[in-house]
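**Student:** The following block contains the structure, expressed as structure tokens.
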Amino acid sequence: MSNTKIRVQDIADALHLSRVTVSKALNHHPSVPENTTRRVFEKAIEMNYKFLGDSRFSGLIGEQKNSPGQIAVLFSKYIDKQHIGFSILSRLSDILGEKNYSVSLYFISKKNLESGQLPDAFAAHQISAILCVEIFHEQYSRMLCNLGKPVIFLDAYPSFLTDQIPADVLLTESRYSFSRIIRKIIQDHGLERIGFVGPYLHCLSFFERWQGYQIALAQENIPYAPQYCILSNDDDLYWHSELIASRLRMMNPLPQLFVCANDALAIHLMSSLHEMKYRVPEDIRVLGFDNSPAAALSHPRLTTVDANSHAIGTLAARILLERIAFPGQPNTAFFVQSRFIPGQSA
């Protein structure tokens, strides 16, 4: 494979975009449409663009002297400061750095996932353990577990817990905490029409939140009504305001509360509702999940659930170190407690 360094202009040429647009997209400038930003990052990953020089990753990658080993962090979507993974990796790197472990980041492209191939720079003999962030592909997950290294998943594909995968999984407890919060909102406001927004089979955490939504409805004796939900597996749908608006126009009446699989979906939904002249929360209430930095900046301020990323990063580091020291221990699923973050949207 060519060792030629990929430039911003190369990405721009491949997508028939200007260099300025690509540069802004790589820096998540708000003037660039979400779909364009996603296309840019997908193409950048496909072309093996070296994000590692990005100042936003300073402090995340350790080049420790006398390091006892390397922790490989694999992820399939670019992580910036708006992503919950950024604070998790920051905390993880701090703790592992104290133990002199180096942390190396590897982007897993769509091509890698589909072919079951590791990145060219990945040297398994140098790796002490593997941490997977947003690796939701079942066969790829199984392949990683066959490398003979301790593997920990931060979230996983939906059926991970029933498949007896030889790896640990760590995520925020969603099912029961989300159910409890949804029930409180229903009870506080006497609601009867409750919808869900998000591809609930996208990953284990989304599936857990979908189950929490279903539990809340059952416990409140509210029948599940699919006509109030947007559940498409087509990821593009959720980031196009007009496509979301077309789904909303098909609902008559609209739900009184939309439960969203994460904050990003909730914020985009609120934007679509605003464009359609609906008021949040006066006309429709919206609940998110993650407590992302963007949640506090939304208008109205998003009602959400804190995923406790600091605790996840701390626990992930501890599990990695224990796995390296005691590789024969039984695999475990770890759930970090979440907490409700009151806002103004629900």
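**Student:** How charged is the neighbourhood of Thr314? Take every other residue with its Cβ under 10 Å from the Cβ of Thr314, and add Lys/Arg as +1 and Asp/Glu as -1. Mind dumping the intermediate values first?
**Tutor:** Numbers: positive: Arg91, Arg318; negative: Asp94.
With Lys, Arg at +1 and Asp, Glu at -1, the net is +1.
**Student:** Given the stretch 154-229, what whole percent of its Cα pairs are spread farther than 21 Å? Don't skip to the end; give the middle numbers.
**Tutor:** Numbers: 887 of 2850 pairs.
Roughly 31 percent, rounded to a whole number.
**Student:** Compute log10 of I(q)/I(0) for the stretch 124-258 with the Debye formula, placing one identical point scatterer on every Cα and leaving out solvent, at q = 0.12, 0.22 Å⁻¹, to two decimals.
**Tutor:** -0.59, -1.24
**Student:** Now for a different question. To check my understanding: the extent here is largest minus smallest coordinate of the Cα atoms along each principal axis. What are those three numbers for the chain, in Å, largest first?
**Tutor:** 61, 51, 33
**Student:** Still on this structure, please answer the following. In µm²/s, what is D for the stretch 297-346 at 25 °C and 0.890 mPa s, where D = kT/(6 pi eta Rh) by Stokes-Einstein and Rh is the Kirkwood radius from Cα pairs? Kindly include the intermediate steps, with their values, before the conclusion.
**Tutor:** On the way: Rh = 13.3 Å.
Estimated via Stokes-Einstein, D reaches 185 µm²/s.
**Student:** Mind scanning Lys24/Lys77; Lys5/Lys111; Lys24/Lys110; Lys5/Lys99; Lys5/Lys77; Lys77/Lys149 and naming the pairs with a C-alpha gap bigger than 29 Å?
**Tutor:** On the way: Lys24/Lys77 17 Å; Lys5/Lys111 19 Å; Lys24/Lys110 23 Å; Lys5/Lys99 33 Å; Lys5/Lys77 20 Å; Lys77/Lys149 23 Å.
Correct reply: Lys5/Lys99.
**Student:** Starting from one equal scatterer on each C-alpha and no solvent at all, send me the Debye-based log10 I(q)/I(0) for the stretch 69-137 at q = 0.20 Å⁻¹, two decimals.
**Tutor:** -0.86
**Student:** In addition: Counting GluC sites (Glu not before Pro) as exposed when in a DSSP loop with at most 16 other beta carbons within 10 Å, what is the longest stretch of the chain free of them? Walk me through the numbers on the way to the answer.
**Tutor:** Details: sites that count: Glu63, Glu192, Glu220, Glu282.
That would be 64-191.
**Student:** Within the stretch 242-344, list the chymotrypsin sites (Phe, Trp or Tyr not before Pro) lying in a DSSP loop whose Cβ has at most 13 other Cβ atoms in a 10 Å radius. Please report the intermediate quantities before stating the final value.
**Tutor:** On the way: sites: Phe258, Tyr278, Phe289, Phe334, Phe335, Phe340; in loops: Tyr278, Phe289.
Answer by residue number: there is no such site.
**Student:** Let me know the shape class of the stretch 207-298, please: from the alpha-carbon gyration tensor, a ≥ b ≥ c as square roots of the eigenvalues, rounded when a/c is under 1.5, otherwise prolate if a/b is greater than b/c, or oblate. Provide the component values of the computation, followed by the final result.
**Tutor:** Details: a/c = 1.41, a/b = 1.18, b/c = 1.19.
Taking the square roots of the gyration eigenvalues as a ≥ b ≥ c, the stretch 207-298 is rounded.
**Student:** Can you pull out the trypsin sites (Lys or Arg not before Pro) in the stretch 268-346 that DSSP calls coil and that have at most 14 other Cβ atoms within 10 Å?
**Tutor:** Working: sites: Lys277, Arg279, Arg285, Arg301, Arg318, Arg323, Arg339; in loops: Lys277, Arg279, Arg301.
Here the sparse-neighbourhood loop sites are Lys277, Arg279, Arg301.
**Student:** Which angle between 0 and 90 degrees, to the nearest 10, do you get for helix 309-325 versus the longest principal axis of the chain when only C-alpha atoms count?
**Tutor:** 40
**Student:** Using only the alpha-carbon atoms, how far is helix 84-98 inclined from the longest principal axis of the chain? Give it as 0 to 90 degrees, nearest 10.
**Tutor:** Relative to the chain, helix 84-98 is tipped by roughly 30 degrees.
**Student:** Another question, if that's okay. Show that you can apply the helix-only estimate: for the chain, add -39,500 (n - 2.57) for every DSSP H stretch of four or more residues, divide by all residues, and state [θ] at 222 nm to the nearest 500. Intermediate values should be presented prior to the final figure.
**Tutor:** Details: 12 runs with 133 residues, N = 346.
One gets -11500 deg cm²/dmol as the mean residue ellipticity at 222 nm.
**Student:** Here is a further query. Keeping all protein chains in the complex and leaving out DNA, RNA and ligands, what accessible area do you get for Tyr224 with a 1.4 Å probe, in Å² to the nearest 10?
**Tutor:** Rounded to the nearest 10, that gives 90 Å².
**Student:** What would the Debye equation give as log₁₀ I(q)/I(0) for the stretch 166-206 at q = 0.13, 0.18, 0.21 Å⁻¹, counting only Cα atoms as equal point scatterers?
**Tutor:** Log-scaled intensity ratios, in q order: -0.40, -0.67, -0.82.
**Student:** Helix 204-219 sits at what angle to the longest principal axis of the chain, using alpha carbons and giving 0 to 90 degrees rounded to 10?
**Tutor:** Taking the Cα atoms of the chain, the angle to 204-219 is about 30 degrees.
**Student:** Let me ask something additional. At a probe radius of 1.4 Å, what is the per-residue accessible area of Cys145, in Å² to the nearest 10?
**Tutor:** 20
The values are calculated or read from the model by the stated rules, or taken from the named source; none is laboratory data. Here the structure is a predicted model, which means the values were calculated and not measured. When we count neighbours, we look across all protein chains shown, and the Cβ atoms used for this are built from the backbone with ideal geometry, even at glycine. Side chains included, ligands, DNA and RNA excluded: accessible areas come from the protein's heavy atoms. Shrake-Rupley method; radii C 1.70, N 1.55, O 1.52, S 1.80 Å.
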